Amino acid sequence: MQPPVSPTRIPYSIAPMMDWSDRYYRYFMRGITRRTLLYTEMISTAAIVHGDRSRLLDFDPVEHPLSLQIGGSDVVEIAQAVAAAESWDYDEINLNVGCPSDRVQERGLGACLMATPDLVARMVEAMKGQTAKPVTVKHRIGIDHMDRYEDMHNFVRIVRSAGPARFTVHARIAWLEGLSPKENRTVPPLRYEDVYRLKEDFPELDIEINGGIRSLDAADRHLRSVDRVMIGRAAYETPWVMSTADSRIAGVPPPSDCGRVAVERMIPYLEECYARGVPSRKILRHMLGMFSGLPGARLWRQGLSGKLPDNGAPLLRSVIERMPRETMETPPQ
């Protein structure tokens, strides 16, 4: 087994994505990259403090390095949530200051917090008071009426005083009125130059860029101007794009030397999950894009879609055997 990598030395991460980056997706991705930093979906502080913590926070040790992303707006509650999560031994804790959804806004969470940088700084201080793990912040370049570079500069200047370990910047503003969360991922224009400028103005800070980055080659171009790169939709829709990450990060071989190895690894996992009462659809849905753009991609998607048996292991085995050999033997690329 490859030795663990500290989050402080990882140039790539896969974004926290609501309804997508659950523990089953993360386990699947560990067959493609062991060195990339992964995130949980955003979990509200109220859910952690008052809810079923095992259901919310449990993960497989293979998922390390792993960041817990939380959403909150109450300083006392966020401290309680971080303290409660300590037993799960995440590698870092991330504060969501970027989600634009109406449901999140109604609770005073997410991107709307960019309007209150003093509160964000107090929350970061409270989080750091409960853990020795790195505490990081993920935010937008702006919101609605605060969409100038100077507004983001002021936000970072104030939050910096609390000493977060990293700022992850989604290079689009979030329009909190008039756009859906999906539209907020595509309609506001990307402003990568603003993130580059932020790094120039705060060279001492660890700055990560996010938004519209579709490949590791593109990520490496951004690394000329910032410290790290976060990849989101591309890592979910076409997961094999992450297959050379480990060699780029640490010069080590990938966990799977071809696509067949990455997906066959999921057969015993499906059987294990079935024994725990987890239906296969919760796992197989994350694998649909594995062979996008390759011969047999449609066969793959159709085979793992529709009405699925609770135990998907035999189904996955049969679909693998029907796939074109050249596709299944595709090396990391």
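Considering the options Ile158, Ile207, Phe59, tell which one lies farthest towards the positive end of the dipole of the chain, charges being +1 on Lys and Arg and -1 on Asp and Glu at the Cβ, about the Cα centre. Final value for the positive-end residue is Phe59. 3J(HN,Hα) couplings calculated from phi for segment 131-148 with the Karplus curve 6.51 cos²θ - 1.76 cosθ + 1.60 (θ = phi - 60°) are, in sequence order, 8, 8, 6, x, 10, 10, 10, 10, 9, 8, 7, x, 9, 4, 7, 10, 10, 7 Hz; Gly and Pro show x. Amide H contacts of Ser225 (H built 1.01 Å from N, in plane; Pro and chain starts excluded): no residue 5 or more places away or on another chain comes under 5 Å. Projecting the Cα atoms of Asn311, Met114, His145 onto the dipole axis of the chain, where Lys and Arg carry +1 and Asp and Glu carry -1 at the beta carbon, places Asn311 farthest toward the positive end.
Altogether, the Stokes-Einstein calculation at 20 °C and 1.002 mPa s, with the Kirkwood radius of segment 210-307 over Cα pairs as Rh, returns a diffusion coefficient of 141 µm²/s. Its relative contact order, with pairs defined as Cα atoms under 8 Å and 6+ residues apart, puts segment 7-250 at 19 percent.
Here the extension length gained between Ser318 and Ser215 equals 34.1 nm, from 0.36 nm per residue of separation less the Cα-Cα distance.
Evaluated with a Cβ-only charge set (Lys, Arg +1; Asp, Glu -1), segment 259-328 carries a dipole of roughly 220 debye about its Cα centre, given to the nearest 20. Per-residue 3J(HN,Hα) values for segment 252-268, derived from phi via the Karplus relation 6.51 cos²θ - 1.76 cosθ + 1.60 with θ = phi - 60°, read 10, x, x, x, 10, 8, 7, x, 4, 4, 5, 8, 5, 4, 7, 5, x Hz in sequence order (x marks Gly and Pro). Projection of the Cα convex hull of segment 7-250, averaged over all directions and equal to a quarter of that hull's surface, yields 11.6 nm².
Between Leu294 and Lys282, the modelled label-to-label distance comes to 2.8 nm, taking each label 7 Å out from Cα in the direction of the beta carbon. Legend: P(r) of segment 78-196 from all alpha carbon pair distances, 10 Å bins from 0, whole percents, reading 14, 45, 31, 9, 0. For Ser44, the residues whose modelled amide H falls within less than 5 Å of its own, excluding neighbours fewer than 5 places apart on the same chain, are Gly71.
Work out the FRET efficiency for Asp310 and Arg122 from their Cβ-Cβ distance, taking R0 = 45 Å, and round it to the nearest 0.05. Walk me through the intermediate numbers first.
Values: r = 47 Å, r/R0 = 1.04.
About 0.45, to the nearest 0.05.
Under the Kirkwood approximation applied to all pairs of distinct alpha-carbon atoms, what is the hydrodynamic radius of segment 259-328 in Å? In segment 259-328 this quantity evaluates to 12.0 Å.
Using unit Cβ charges (K, R positive; D, E negative) and no other charged atoms, how large, in debye to the nearest 20, is the dipole of the chain about its Cα centre?
For the chain, the charge dipole is close to 820 debye.
What is the antiparallel percent of DSSP beta bridges lying wholly in segment 98-209, to the nearest 5?
10 percent
About its Cα centre, the dipole of segment 156-234 is roughly 200 debye, where the only charges are +1 on Lys and Arg Cβ and -1 on Asp and Glu Cβ. Once both labels are positioned 7 Å from their Cα atoms along Cα-to-Cβ, the gap between Glu237 and Glu271 label points is 3.5 nm. In a Debye calculation with equal point scatterers on the alpha-carbon sites of segment 1-148 and no solvent, what is log10 I(q)/I(0) at q = 0.09, 0.14, 0.17 Å⁻¹? Normalising to I(0) and taking log10 leaves -0.27, -0.65, -0.95. Out of residues 5 or more away from Asn94 or on other chains, whose amide H comes under 5 Å of its own, with H placed 1.01 Å from N in the peptide plane? Amide H neighbours of Asn94, under 5 Å, 5+ apart: Leu68, Gln69, Ile70, Thr136.
For the pair segment 64-79 / segment 179-201, the C-alpha centres are spaced 23 Å from each other.
Read-outs throughout are calculated quantities, based only on the coordinates presented, and are distinct from any laboratory measurement. Here the structure is a predicted model, which means the values were calculated and not measured. Cβ atoms come from the backbone with ideal geometry, glycine included; neighbour counts cover every protein chain shown.
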